[in-house]
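Q: Would you mind keeping the following structure in view while I ask a few things?
The values are calculated or read from the model by the stated rules, or taken from the named source; none is laboratory data. Here the structure is a predicted model, which is why all the values come from computation and not from measurement. Glycine also receives a Cβ, built like all others from the backbone with ideal geometry; neighbour counts cover every protein chain displayed. Only protein heavy atoms, including side chains, enter the accessible area calculation; ligands, DNA and RNA are left aside. Shrake-Rupley method; radii C 1.70, N 1.55, O 1.52, S 1.80 Å.
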Amino acid sequence: PEEAVLALYHKDLDKERRAMLAIFLLTGVRLSEQMALIYDQILFDKDLIYIDRAVKFGKTGTQTIGLPKGDKCRLVVMCPTLKRFLSEATAGMKPGQFVWSAMSENKPRMKKLVYATWRTVLKDTGLPENMTPHDCRLTHINWIEKLMPEVSSTTLKEHVGHAAVGVTQVNYTRPLSTSQKILSDNLERVVDLAMTADE
């Protein structure tokens with residue numbers, strides 16, 4: 001977490017790239033979900049992000065928008081640090097606008113352009129040059145599993161979009177606002193601890 005926080009607050013990151021790094025590290029969303037994210041999905045008043053879309057990659061390099069992996073929509077917890085970074089990056093955006101849009105029009109950037117931006121994030125922050133957005137997802141899940149024992153496995157699965165093991169969990173479990181608050185508070189606690197460790 002200490003290395004991640006140093007990267008998130010690095011002076012060389014602009015608002016857009018800071019928000020990109022933050023959404024990967026602090027939500028564990030998939031690359032396809034990040035690429036498809038529009039302003040409407042960020043529920044600032046509820047501290048949640050509604051993941052109901054993702055970029056689908058065709059064999060010929062085409063990109064379309066569809067449902068997330070497994071065709072399952074979910075709510076992702078947004079901690080205060082992420083909320084602040086996303087607020088700064090989306091200031092002035094309108095409904096339907098892609099958060100990380102193609103430069104010339106309102107559509108997702110091509111995957112290769114997302115990776116080109118990602119490489120500048122790594123270079124400017126000093127993060128390992130072979131680090132991928134998926135590595136951020138693994139990091140995020142590990143933080144929750146190892147540093148947040150009070151967050152239930154059900155809440156974690158709902159948050160990151162993993163399939164549950166039992167039929168009951170898959171078909172009848174619903175997110176509880178209190179569980180999501182525990183997750184949000186703990187994400188912020190990890191960020192705060194990392195910041196004070198550096199001082």
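Q: Of everything in the stretch 106-118, what is out of contact with any strand residue (DSSP E or B) (no Cβ under 8 Å at 6 or more places or on another chain), open to solvent by 60 Å² or more (accessible area, probe 1.4 Å) and of a type outside the set (S, T, Y)? Give them in sequence order.
A: Answer for the stretch 106-118, where residues must be out of contact with any strand residue (DSSP E or B) (no Cβ under 8 Å at 6 or more places or on another chain), open to solvent by 60 Å² or more (accessible area, probe 1.4 Å) and of a type outside the set (S, T, Y): K112, L113.
Q: Report yes if K56 is assigned to a loop (DSSP other than H, G, I, E, B), touching a helix residue (DSSP H, G or I) at 6+ places or on another chain (Cβ under 9 Å) and more than 19 Å from D135 (Cβ to Cβ), otherwise no.
A: No.
Q: Looking only at the stretch 11-20, filter to residues that are open to solvent by less than 70 Å² (accessible area, probe 1.4 Å) and among the basic types (K, R); which one of those is farthest from W100 (Cα to Cα)?
A: R18
Q: Further question on the same structure: Output the number of the condition that V121 fails; it satisfies all remaining conditions of (1) open to solvent by 90 Å² or more (accessible area, probe 1.4 Å); (2) among the hydrophobic types (A, V, I, L, M, F, W, C); (3) modelled with pLDDT of 90 or more.
A: Unmet for V121, out of (1) open to solvent by 90 Å² or more (accessible area, probe 1.4 Å); (2) among the hydrophobic types (A, V, I, L, M, F, W, C); (3) modelled with pLDDT of 90 or more: (1).
Q: Would you mention how many residues in the stretch 87-116 are touching a Pro at 6+ places or on another chain (Cβ under 9 Å), without any contact (Cβ under 8 Å) to a residue 12 or more places away in the chain and either among the basic types (K, R) or in a loop (DSSP other than H, G, I, E, B) (or both)?
A: Result for the stretch 87-116: 1.
Q: Given the conditions (1) open to solvent by 70 Å² or more (accessible area, probe 1.4 Å); (2) touching a residue at least 40 places away in the same chain (Cβ under 8 Å), report the number of the one that N130 does not fulfil.
A: Among (1) open to solvent by 70 Å² or more (accessible area, probe 1.4 Å); (2) touching a residue at least 40 places away in the same chain (Cβ under 8 Å), the lone unmet condition for N130 is (2).
Q: Looking at the stretch 69-86, I want the residues that are among the aromatic types (F, W, Y) and have a partner that is modelled with pLDDT under 95 with Cβ atoms under 6 Å, at least 6 apart or on another chain. Which pairs are those?
A: Close Cβ pairs (under 6 Å, with a partner that is modelled with pLDDT under 95) do not exist here.
Q: On to the next question. Is it the case that the stretch 35-53 has a residue that's open to solvent by 20 Å² or more (accessible area, probe 1.4 Å), within 21 Å of V5 (Cβ to Cβ) and of a type in the set (D, E, K, R)?
A: Among the residues of the stretch 35-53, at least one is open to solvent by 20 Å² or more (accessible area, probe 1.4 Å), within 21 Å of V5 (Cβ to Cβ) and of a type in the set (D, E, K, R), which makes the answer yes.
Q: How do the pairs read when you match residues in the stretch 35-57 that are closer than 19 Å to E188 by Cα with residues anywhere that are open to solvent by 20 Å² or more (accessible area, probe 1.4 Å) and at pLDDT 95 or above, using Cβ under 8 Å and keeping only pairs 6 or more apart or on different chains?
A: L43/Y50; F44/K83; F44/S87; D47/P80; D47/K83; I49/L43
Q: Could you pull out the residue among I23, I65 that is open to solvent by less than 60 Å² (accessible area, probe 1.4 Å), β-branched (V, I, T) and not in a loop (DSSP other than H, G, I, E, B)?
A: I23
Q: Looking only at the stretch 100-117, decide whether some residue is acidic (D, E) and under 20 Å from D14 (Cβ atoms).
A: no
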